[in-house]
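Right, one structure below, let's go through it.
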Amino acid sequence: QKEVEQDPGPLSVPEGAIVSLNCTYSNSAFQYFMWYRQYSRKGPELLMYTYSSGNKEDGRFTAQVDKSSKYISLFIRDSQPSDSATYLCAMTGGGNKLTFGTGTQLKVEL
Amino acid sequence: NAGVTQTPKFRVLKTGQSMTLLCAQDMNHEYMYWYRQDPGMGLRLIHYSVGEGTTAKGEVPDGYNVSRLKKQNFLLGLESAAPSQTSVYFCASSYLPTGPGEKLFFGSGTQLSVL
């Protein structure tokens, strides 16, 4: 069983939709949680991070962590075609090892 | 700002050939990483370095070697390439170890095919 599970998609939504992306994890040592966005043929870039249970907002993006259920989510409001990318969850207990999910491919259509 | 630069961007090797992937960063970061990305497997850490002259094994180090002779450069070597090493390779760097808010800066990747 992988430490981090993420639905690979692809997920296709119309412009303006609310998107929910999710990851589950099994390692209780994970304390810090991140979402990276990866455009086609590019390296990942950090979108959001959080280290506590609850919600964190940044513009149209909301990161949610539920440590009791070992479940994290990324919500995108008013999705735009420019949001079309692969979204990777990542988590760590600290140190130098970051464990990534496999990524969810999102397409926002006009 | 160039950020993290990887060379080459594409390469095709025959089984048994050797090659070196070069990563350069201009942000004065202490920490540098090599990842591989495969469909269905996500990003997996190959080797990393916590400073000039240091290297350490990651999750999937077999078949690879690394060197960090200069702070700004991190080299990944394949001594005898195998088809299982066909992948997209990403270099990344950070100022501090991964943790709350510490951002990894990634290069654009090297697409490697081993025939």
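Throughout, read-outs are computed from the coordinates displayed, never taken from laboratory work. Fair warning: this is a prediction, and the values are worked out from it, not measured in the lab. Because the Cβ atoms are built from the backbone with ideal geometry, glycine has one as well, and the counts that use them run over all protein chains shown.
Under 5 Å between amide H atoms, partner at least 5 residues away or on a different chain: which partners does A:Leu47 have, H built in plane at 1.01 Å?
Here A:Trp35, A:Tyr36, A:Arg37 satisfy the definition.
For a quick check of your reading of the filter: which GluC sites (Glu not before Pro) in segment B:50-114 sit in a DSSP loop and have no more than 16 other Cβ atoms within 10 Å?
Values: sites: B:Glu52, B:Glu59, B:Glu79, B:Glu102; in loops: B:Glu52, B:Glu59, B:Glu79, B:Glu102.
Sites meeting the loop and neighbour criteria: B:Glu52, B:Glu59, B:Glu79.
Tell me, what is the percent relative contact order of segment B:1-98, built from C-alpha pairs under 8 Å that lie six or more residues apart?
Numbers: 214 pairs, mean separation 34.0, N = 98.
About 35 percent, as a whole number.
Where does each of A:Ile18, A:Ile72, B:Ile46 land when they are ranked from fewest to most other beta-carbon atoms within 10 angstrom? Each step should come with its number before you reach the end.
Values: A:Ile18 12, A:Ile72 27, B:Ile46 23.
Arranged by neighbour count, lowest to highest, A:Ile18, A:Ile72, B:Ile46 become A:Ile18, B:Ile46, A:Ile72.
Kindly flag which residue pairs out of A:Lys97/B:Lys14; A:Lys70/A:Lys97; A:Lys70/B:Lys103; A:Lys2/A:Lys67; A:Lys107/B:Lys70; A:Lys2/B:Lys57 have an alpha-carbon separation exceeding 29 Å in this structure.
Details: A:Lys97/B:Lys14 31 Å; A:Lys70/A:Lys97 18 Å; A:Lys70/B:Lys103 22 Å; A:Lys2/A:Lys67 17 Å; A:Lys107/B:Lys70 41 Å; A:Lys2/B:Lys57 20 Å.
Among A:Lys97/B:Lys14; A:Lys70/A:Lys97; A:Lys70/B:Lys103; A:Lys2/A:Lys67; A:Lys107/B:Lys70; A:Lys2/B:Lys57, the Cα-Cα distance tops 29 Å for A:Lys97/B:Lys14; A:Lys107/B:Lys70.
Tabulate in residue order the Karplus-calculated ³J(HN,Hα) for segment A:94-110, using 6.51 cos²θ - 1.76 cosθ + 1.60 with θ = phi - 60°, rounded to whole Hz; enter x for Gly and Pro.
For segment A:94-110, the Karplus curve yields x, x, 10, 10, 10, 9, 9, x, 6, x, 10, 7, 10, 10, 9, 9, 5 Hz.
Amide H neighbours of B:Gly58 under 5 Å, at least 5 residues apart or on other chains, H built in the peptide plane: list them.
Sorted by chain and number, the residues that satisfy this are B:His47, B:Tyr48.
Going from the alpha-carbon gyration tensor of segment B:1-80, what semi-axes, largest first and in whole Å, does one get by taking the root of 5 times each eigenvalue?
Working: eigenvalues 83, 42, 37 Å².
Equivalent ellipsoid of segment B:1-80: 20, 15, 14 Å, largest first.
Distance between Cα centroids, segment A:12-87 to segment B:44-62: provide it in whole Å.
First find each Cα centre; the distance between them is then 27 Å.
Could you give each residue of segment B:70-84 its phi-based ³J(HN,Hα) in whole Hz, using Karplus coefficients 6.51, -1.76, 1.60 with θ = phi - 60°, and x for Gly or Pro?
So the Karplus estimates, Gly and Pro as x, are 10, 4, 7, 10, 9, 9, 10, x, 10, 6, 9, 5, 10, x, 5 Hz.
Treating the beta-carbon of each Lys and Arg as +1 and of each Asp and Glu as -1, no other charges, what is the dipole magnitude of chain A about its Cα centre, to the nearest 20 debye? Before the final figure, lay out each step's value.
Numbers: 11 positive and 11 negative charges, 61 e Å.
Value, rounded to 20: 300 debye.
Within 10 Å of each candidate Cβ there may be at most 14 other Cβ atoms; applying that plus a DSSP loop requirement, which trypsin sites (Lys or Arg not before Pro) in segment B:4-68 survive? Walk me through the numbers before you get to the answer.
Numbers: sites: B:Lys9, B:Arg11, B:Lys14, B:Arg36, B:Arg44, B:Lys57, B:Arg68; in loops: B:Lys9, B:Lys14, B:Arg68.
Here the sparse-neighbourhood loop sites are B:Lys9, B:Lys14.
Translational diffusion coefficient of the protein assembly as shown at 10 °C, 1.306 mPa s, Stokes-Einstein with Kirkwood Rh over Cα pairs, in µm²/s as a whole number.
Details: Rh = 18.0 Å.
The calculation lands on 88 µm²/s.
Could you compute Rg(Cα) / (2.2 N^0.38 Å) for chain A, with N its residue count? Before the final figure, lay out each step's value.
Values: Rg = 13.3 Å, N = 110, 2.2 N^0.38 = 13.1 Å.
Relative to the 2.2 N^0.38 Å estimate, chain A comes out at 1.01.
Pairs of alpha-carbon atoms within less than 8 angstrom and 6+ residues apart define the contacts here; what relative contact order does chain A have, in percent?
Details: 268 pairs, mean separation 41.5, N = 110.
Taking the mean separation of contacting Cα pairs over the length of chain A, I get 38 percent.
Tell me which residues come under 5 Å, amide H to amide H, from A:Leu106 once H is placed; ignore anything under 5 positions away on its chain.
Those qualifying (amide H under 5 Å, at least 5 residues apart or on another chain) are A:Leu11, A:Ala85, A:Thr86, A:Tyr87.
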